[in-house]
Amino acid sequence: KCLFYRTEMMKKPFLLLAGQSPGLFLVLGTLLLSGCPEQSETRVDDQGASYSAYDWQLPENIPLPREPADNPMTEEKFQLGRHLFYDKRLSVNGTISCSSCHHQDKAFSDGVARPAGATGTLHPRNSQALVNVAWYNTLTWGNPVLSTIEQQIMLPLFGDDPIEHGINGANSEQILMNLQSDPVYAPLFAAAFPEQDEPLFGDTAYSNIVKSLASFVRGLASFNSPFDRNELSASAKRGSALFNSEKLECFHCHGTYNFSDATVDRRTSYIEAQFHNNGLYNIDGLGGYPEPNTGRYELTGTAHHMGQFRAPSLRNVALSAPYNHDGSVETLEQVIRNYAAGGRNITNGPNTGDGRMSPYKDSFIVSFSISDSEIADVVAFLESLTDEEFINNPRFSNPWTESSPQDSAP
């Protein structure tokens, strides 16, 4: 079953590139077909639980995240990935970079409901904030298979439904040549992959690009908010009590130090993918969600998976509006009111339906009474999760100057 999910999900990139670019095909095969996180498993990791050659710059109370054995973190790969993340030349027409949909001042989200790719194709889902991605056990909103950042990066780079960066067998060599022609990259690739003679050439070039981008994204750690420093206002303290109460039950999906039940680290011995239906839609009273945004159901076809999405981290959530998987909720206050109602009732338009009555809604999402002042307190608590150092850290910023030829500004 797991192999079927992988194959169906990734068949378009494989068919698109097979026979046209052996290097790209090799990268897809190597990075995508690994692991099946929807199946629970037990792991024992007694080695390296508290040590890494890479300086994560974490507070003492935060455990180190996992690092893939075939792509351990290094500062050199992080810095190369930072350059690639902000480089628009890594797209079919030089119009978008990774940073086009992930802005640092918005906690690496983009402030729009649904972003557009290099060719103008509108993405069906909202750009998630790239905050503490290294601590997730699955990537993307509703995919139980993508369990590493390396796997996920393949989709925006090489996927064609929707087209984001639009790299394919027809243009991959030219895009690579554009990078090879910039003298900035040769020493960066050499430092990041010292064991390779020509890391920016040949079949390994795109694999190295993916690994470096993954290293940069993996290094985007945020644990220095007012909450972390125990500097909560009186309102935020009241909001924290409500957030962690059985009345609101927010903590069921947004617990742990990363405020998501998809959190894993090097101490974790048990993995189980978690996805939830929060009653956002109930088209025609049948519990349906708008195509193609059906959540985990899109891959499994299992009825009760309809509308199930992974709970994102709430760190820096005040910066990442609009909310939910499709960006259909504009403010944190509206998010809370939807939960207070036990779901969202849409009375007109193409998605009419009462989400409160969805047959697939999670059982613990039930209506509750909450006053305006209590909503303000919960919002104050969520705002206390904003890490100003993170969004202003030059280590995560655009390394290219405004006059750089790749015109990388998002």
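One table, with the values for the structure above:
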{"read-out": "Candidates A186, A380, A118, ranked by Gaussian network fluctuation over the chain, Cα under 10 Å, top entry", "value": "A186"}
{"read-out": "Max mean-square fluctuation residue, GNM over the chain, Cα-Cα springs under 10 Å, options D362, D354, D70", "value": "D70"}
{"read-out": "Within the accessible area of the chain (1.4 Å probe), percent carbon and sulfur", "value": "53"}
{"read-out": "In the chain, lysine pairs closer than 25 Å at Cα, eight or more apart or cross-chain", "value": "15"}
{"read-out": "Where the range 59-182 is the region considered: accessible area per residue in Å², 1.4 Å probe", "value": "33"}
{"read-out": "Average accessible area per residue (Å²) across the range 199-348 - probe 1.4 Å, nucleic acids and ligands excluded", "value": "38"}
{"read-out": "Calculated from backbone phi, Karplus (6.51, -1.76, 1.60) coupling profile of the range 268-276 in Hz, x at Gly/Pro", "value": "6, 10, 10, 10, 8, 5, 10, 9, 9"}
{"read-out": "Choice from S212, S240, S371 showing the highest fluctuation, given a GNM over the chain with Cα pairs closer than 10 Å", "value": "S371"}
{"read-out": "Computed helical MRE - 222 nm, the chain, DSSP H runs ≥ 4 contributing -39500 (n - 2.57), nearest 500", "value": "-8500 deg cm²/dmol"}
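The values are calculated or read from the model by the stated rules, or taken from the named source; none is laboratory data. Predicted, not measured: the structure shown is a model, and the values here were computed from it. All accessible areas refer to the heavy atoms of the entire protein, side chains included, with ligands and DNA or RNA removed. Shrake-Rupley method; radii C 1.70, N 1.55, O 1.52, S 1.80 Å.
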